[in-house]
Amino acid sequence: MIKQARKNARLRDTRINHDKHKSRWLHFAKSRKKTKRQNKKTCKQLIKYLERLLKQLDQLQQKHILTLSAGQYNRLDTINTVKEQQWKHYFGKEARVPDRIVSLHKPYVRPIVRGKEVKPVEFGAKVNMLLVDGISFMEHFSFDNFNEGTRLQNTIHLQRKYFGACYQIGADAIYATNKNRKYCTKNEIATSFVAKGNEGKNKEQKSQMRSILGKVRSTVLEGSFGNEKNHYQMNKIKAKTKDNEKAWIFFSLLTCNAMQIAKRMQAAEKEKLKQLQQQAA
């Protein structure tokens with residue numbers, strides 16, 4: 001932006017040595033061992049460098065009439081927010097920065113710590129899903145990180161709203177909180193959660209029910225996630241705005257459900273035609 005603004009104002013290039021800061025950053029980025037002291041020092045230098053650039057752009061806007069596009073104004077606002085967040089973190093006393101921006105192109109995206117070996121941190125939308133008879137529903141959608149274990153009762157209410165009573169559920173271990181266990185026990189809902197303590201009567205039947213629900217969860221539910229990602233482009237979303245990304249996710253899920261229903265209707269028609277042919281014969 002500074003380079004283009006100075007060019008439009010017919011001014012010479014700035015004397016700030018950009019190559020020096022670029023080479024300093026590349027030297028740090030390519031080093032294998034990065035100590036906390038080196039990381040903090042490099043970040044502080046880059047934040048001060050960014051502040052000088054922002055002041056220079058502000059001076060150009062005051063002295064000369066600069067025309068920036070709406071996208072450039074939005075990007076500049078995001079850069080200022082990032083600078084303020086990082087300044088409070090490295091020069092202030094805030095150890096944690098709420099709503100930290102991790103992408104200039106997508107400032108609404110937040111880091112989601114997953115703890116996986118290959119991908120310890122993921123970026124994108126987080127969704128709490130409800131799967132009923134192979135059809136997926138979004139119970140909660142957010143770009144911010146949230147604990148899906150607190151959404152179990154809302155998920156059960158959603159299932160009851162559209163499909164009636166709920167008697168069995170299969171869910172991940174993160175949903176197996178004491179509060180959710182008490183709620184399921186009170187409402188006589190069988191779960192796939194590992195038992196705690198003495199199960200009382202019908203121990204074998206409860207164990208078999210947990211095993212069946214756990215197997216269905218690990219195959220059907222996890223399989224639906226893989227199907228939506230690999231065959232309905234959920235893992236290849238290239239939207240550049242928040243609304244477009246959200247619409248892309250919803251339409252991918254809608255297409256997946258429509259295909260599931262269409263396949264069942266087609267199978268039912270074939271079965272009906274087969275029965276008519278048998279009766280005619």
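The values are calculated or read from the model by the stated rules, or taken from the named source; none is laboratory data. All of these numbers come straight from a predicted model, not from anything done at the bench. Ideal geometry is used to build each Cβ from the backbone, glycine not excepted, and the neighbour counts take in all protein chains shown.
What to note about this one:
- The conditions of being assigned to a helix (DSSP H, G or I) and either at pLDDT below 90 or surrounded by 12 or more Cβ atoms within 10 Å (Cβ to Cβ) (or both) are not met by LEU273.
- Note on the range 224-255: residues that are in contact (Cβ under 8 Å) with a residue 40 or more places away in the chain, surrounded by fewer than 14 Cβ atoms within 10 Å (Cβ to Cβ) and among the aromatic types (Phe, Trp, Tyr) total 1.
- Annotation for the range 172-195: at least one member residue is loosely packed, with under 12 Cβ neighbours inside 10 Å, without any contact (Cβ under 8 Å) to a residue 24 or more places away in the chain, among the acidic types (Asp, Glu) and out of contact with any Gly (no Cβ under 8 Å at 6 or more places or on another chain).
- Among the residues listed as HIS18, HIS27, HIS64, the single one being surrounded by 12 or more Cβ atoms within 10 Å (Cβ to Cβ), free of Cβ contacts under 8 Å to residues at least 24 places away in the same chain and either within 20 Å of PHE91 (Cα to Cα) or of a type outside the set (Gly, Ala, Ser) (or both): HIS18
- Of all residues in the range 83-106 being β-branched (Val, Ile, Thr) and touching a helix residue (DSSP H, G or I) at 6+ places or on another chain (Cβ under 8 Å), the one that is surrounded by the fewest Cβ atoms within 10 Å (Cβ to Cβ): VAL97
- Listed by first and then second residue, the pairs with beta-carbon distance under 6 Å, at least 6 apart or on different chains, first residue in the range 112-125 and farther than 14 Å from ILE101 by Cα, second in a strand (DSSP E or B) and of a type outside the set (A, V, I, L, M), are ARG114/GLU122; VAL121/PRO111.
Matching residues to (1) closer than 24 Å to PHE250 by Cα; (2) assigned by TED's automatic domain parsing to the domain that holds THR219; (3) not hydrophobic (A, V, I, L, M, F, W, C):
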site: VAL132; (1), (2), (3): yes, yes, no
site: ILE135; (1), (2), (3): yes, yes, no
site: ARG160; (1), (2), (3): yes, yes, yes
site: ILE174; (1), (2), (3): no, yes, no
site: SER192; (1), (2), (3): no, yes, yes
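- Residues of the range 1-52 satisfying the condition of being of a type in the set (Asp, Glu) and modelled with pLDDT of 85 or more: GLU51
- Odd one out for ASP133 among (1) closer than 23 Å to LYS229 by Cβ; (2) surrounded by 13 or more Cβ atoms within 10 Å (Cβ to Cβ); (3) in contact with a helix residue (DSSP H, G or I) (Cβ under 9 Å, 6 or more places away or on another chain): (2)
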